[in-house]
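Structure record follows, encoded as structure tokens.
The values are calculated or read from the model by the stated rules, or taken from the named source; none is laboratory data. The shown structure was predicted, so the numbers you read here are calculated from the model rather than taken from an experiment. Every residue, glycine among them, receives a Cβ derived from its backbone with ideal geometry; neighbour counts consider all protein chains shown.
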Amino acid sequence: MRVTLLGATGATGALLLPLLERDHDVTVLARRPDRVAAGSPGTRLRRGDATDPAAVRDAVAAAEAVVTLVAAPRGEAPGTVRSQATGVLLSAAREAAPGAHLVLVSALGGAASAGQLSWFGRMIYAAAVGRERLAEVDRQERLVTGATLPATLVRPPKLDDGPATGALEVTGRVGASQSLHRADLAAFLADVVRHRPSGPRAVTVVSKR
């Protein structure tokens, strides 16, 4: 399958890329391709920004699935890079890859998913993540909800660097102590790409141990 990955230089993207390379023909769009640890000689590295329409259109052309993990790094102001990149991707996919399944990493705690947390959990989560970052999540999700392209929104709770467990739970409720290992998130994203579930949907996944 032809798969495009946006956000390969981040912590989760670096774990996801080798999983995609096992089974797929991968194109990576990155501002710094020299920082992408491609393991397959067939992986195509494209230099460009995820908010540049021409660069994204070129990267996703004829793709059958696209994964984006683009967001401002934790510790930096969230800005609007997540929602800008999502809007650019949606437009590019309509033009250059209308049949592609889009897999977009969002975050738990936005307006559409706050009910999955307890009242106390919402307070803790909003303080830890930041209201500006959650507002940017809302902007991203509104764009995806309003699109007609096949897409899966993945809403992880707090992420950590624990090892892959292979024990995941798709859940409707998340406790304040639950988290998702980045390695488990990468494995889940690879599985969504493999199966390309029909229709738009949003899922929250936690590591069970």
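Structure summary
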read-out: Any chance Leu45 is farther than 26 Å from Glu132 by Cβ, surrounded by 22 or more Cβ atoms within 10 Å (Cβ to Cβ) and without any contact (Cβ under 8 Å) to a residue 40 or more places away in the chain; value: no
read-out: Entirely in the stretch 102-209, the strands (runs of 3 or more DSSP E) that have 2 or more residues that are surrounded by fewer than 18 Cβ atoms within 10 Å (Cβ to Cβ); value: 168-170, 201-203
read-out: Selection count where residues are farther than 17 Å from Arg196 by Cα, part of a helix (DSSP H, G or I) and not charged (D, E, K, R), scope the stretch 18-36; value: 2
read-out: For Gly39: the one exception among (1) at pLDDT 95 or above; (2) not in a strand (DSSP E or B); value: (1)
read-out: Residues being surrounded by fewer than 16 Cβ atoms within 10 Å (Cβ to Cβ), closer than 16 Å to Gln84 by Cβ and of a type in the set (A, V, I, L, M) - total across the stretch 48-69; value: 1
read-out: Conditions (1) among the β-branched types (Val, Ile, Thr); (2) under 20 Å from Ala164 (Cα atoms); (3) in a strand (DSSP E or B): number failed by Thr9; value: (3)
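Residues are listed down the side, and each one gets a yes or a no for (1) touching a helix residue (DSSP H, G or I) at 6+ places or on another chain (Cβ under 8 Å); (2) farther than 19 Å from Ala128 by Cβ; (3) free of Cβ contacts under 8 Å to residues at least 24 places away in the same chain:
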position: Asp52; (1), (2), (3): yes, yes, no
position: Val56; (1), (2), (3): yes, yes, no
position: Glu64; (1), (2), (3): no, yes, no
position: Leu69; (1), (2), (3): yes, yes, no
position: Pro73; (1), (2), (3): no, no, no
position: Pro78; (1), (2), (3): yes, no, no
position: Leu89; (1), (2), (3): yes, yes, no
position: Val105; (1), (2), (3): yes, no, no
